[in-house]
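All remarks here apply to the structure that follows.
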Amino acid sequence: MPHAFVERLLRLPERAFFLFGPRGVGKSMWLRASLPDAPYFDLLESSLFLELARAPDRIEAMVGQRPEGTWVVVDEVQKVPALLDEVHRLIETKGWRFALCGSSVRKLRHGGANLLAGRAVTRHLECFTSSELGPAFDLSRSLEWGSLPLVSLNPHHAADILDAYVNTYVKEEIKEEGIVRNLPPFLRFLAVAGILNGQVVNRQNVARDASVPRSTVDVYFSILEDTLLGWSLPAYRPGVKVREGAHGKFYWMDAGIARAAAGLLRDPPDRIWRGFALETLIYHELRVFNHTADKHRAIAFYRTAAGMEVDFLIETRTRTSSHPAHVVCVEVKLADRWDRRWEAPMRALAMTPESLVVDRMFGVYAGTREYVFDGVEVLPVAAFLGRLYDGEVF
């Protein structure tokens, strides 16, 4: 079990910022460790919430006389969106720097909140990564239970923690915030969405399985994304002559959370589930590295109508009128031995240089040996993740 304090990859910006991330990933702990001397306002504290909801301008008096450049932390900022008008004013008039933390962007996006017009950058914090856990990273345990900090630090209570996490999410983020008026249909949707983790999503089928209207499915998926519990992975459109698949994939932010939402915590995960859990883990690691290393590259998957698929494409150069796009391909397999037939989709994509250039091709698998097959680098999971954080993938 890792030590209770795990150093995160995220670094403190020099200017005001929004810090977003799902509940329970350690945002508050990271802020307190990064800004130990800053005035700290936690809007989960009921009396503070009520006071600032009635009179947002009181935050100036609460901070008091502080010099220019002072850091001020506001946690759960989405609970009082009007407070952002005061933050905007204080950045302009006092020169204070604000760290604005939240577990949901829904109220801010849909409530017309003042997002500070470029005066604050955006940062994200998510579950632990293999790089953050170091020697404590356990691939098998991560595939089974995920890497939510509480789960990683208390592995013997993983099932109870994940069950409570989903119940807390439904209670606090959904019911109490009034996001969904009728809860039972949303709970049916959660179970279906959990089972479909990492798969191409046909939303009409989801509507049928969850017994909800097709339009409601779109709203429910947007709720999961706005509350930062999941991400849509789009299909890549390189403009090749072969018709590409149209439906996107949906990945939960953590395989353990997906398992809890699906109601599968008390049953051992089968091999198919673990395969999608490995894809979820790799996608999580790609996204975190992309963000913390300031790469900001588009990530997608590729699938033709004939069913050929590449799990992840990272666009390392954007297509222009004079240059094709450049991509790195990553194919992920939960297998102890690498089957060279799995290379075919990447190789087929590499045969379309008029539409895009494949810079590198990686096969990631659960075996122990490294190979290079005619340009395809086949790596065990740990070796691939090591190269990723060394900047050797993209």
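Where a number appears in this text, it was derived from the coordinates with a stated rule and is not lab data. As the structure is a computational prediction, the values presented were derived from the model and not from experiment. Because the Cβ atoms are built from the backbone with ideal geometry, glycine has one as well, and the counts that use them run over all protein chains shown.
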Return one quarter of the surface area of the convex hull spanned by the alpha-carbon atoms of the stretch 284-389, equal to its mean projected area, in nm².
-> 7.1
Cα pair distances in the stretch 17-124, grouped into 5 Å bins until the bin that holds the longest one, percent each = 2, 12, 25, 27, 22, 9, 1
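Could you work out the Rg to Rh ratio of the stretch 94-182, with Rh taken as the Kirkwood radius (inverse of the mean 1/r over all Cα pairs)?
Details: Rg = 17.4 Å, Rh = 16.2 Å.
Radius of gyration over Kirkwood radius for the stretch 94-182 works out to 1.07.
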Using alpha-carbon positions, what is the distance between the centroids of the stretch 43-65 and the stretch 159-223, in Å?
-> 33
For the chain, max minus min Cα coordinate along each principal axis, in Å, sorted largest first?
-> 66, 47, 44
In the stretch 302-365, what GluC sites (Glu not before Pro) fall in a loop by DSSP, with at most 12 other Cβ atoms inside 10 Å?
-> E354
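How high is the relative contact order of the stretch 17-124? Use alpha-carbon pairs under 8 Å, at least six apart in sequence, and give a whole percent.
Numbers: 160 pairs, mean separation 41.5, N = 108.
Contact order relative to length: 38 percent.
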Which number do you get for Rg(Cα) / (2.2 N^0.38 Å) in the stretch 215-320?
-> 1.18
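Run through the stretch 288-383 and list the trypsin sites (Lys or Arg not before Pro) located in a DSSP loop whose Cβ has at most 13 other Cβ atoms within 10 Å. Intermediate results must be reported in sequence, preceding the final value.
Details: sites: K295, R297, R303, R317, R319, K333, R337, R340, R341, R347, R360, R369; in loops: K295, R297, R319, R337, R369.
Sparse-neighbourhood loop trypsin sites (Lys or Arg not before Pro): R337, R369.
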Determine the percent antiparallel among the DSSP beta bridges restricted to the stretch 259-360, to the nearest 5.
-> 70
Low-density loop positions, GluC sites (Glu not before Pro), the stretch 10-81 - DSSP coil, at most 15 other Cβ in 10 Å | E14, E45, E68
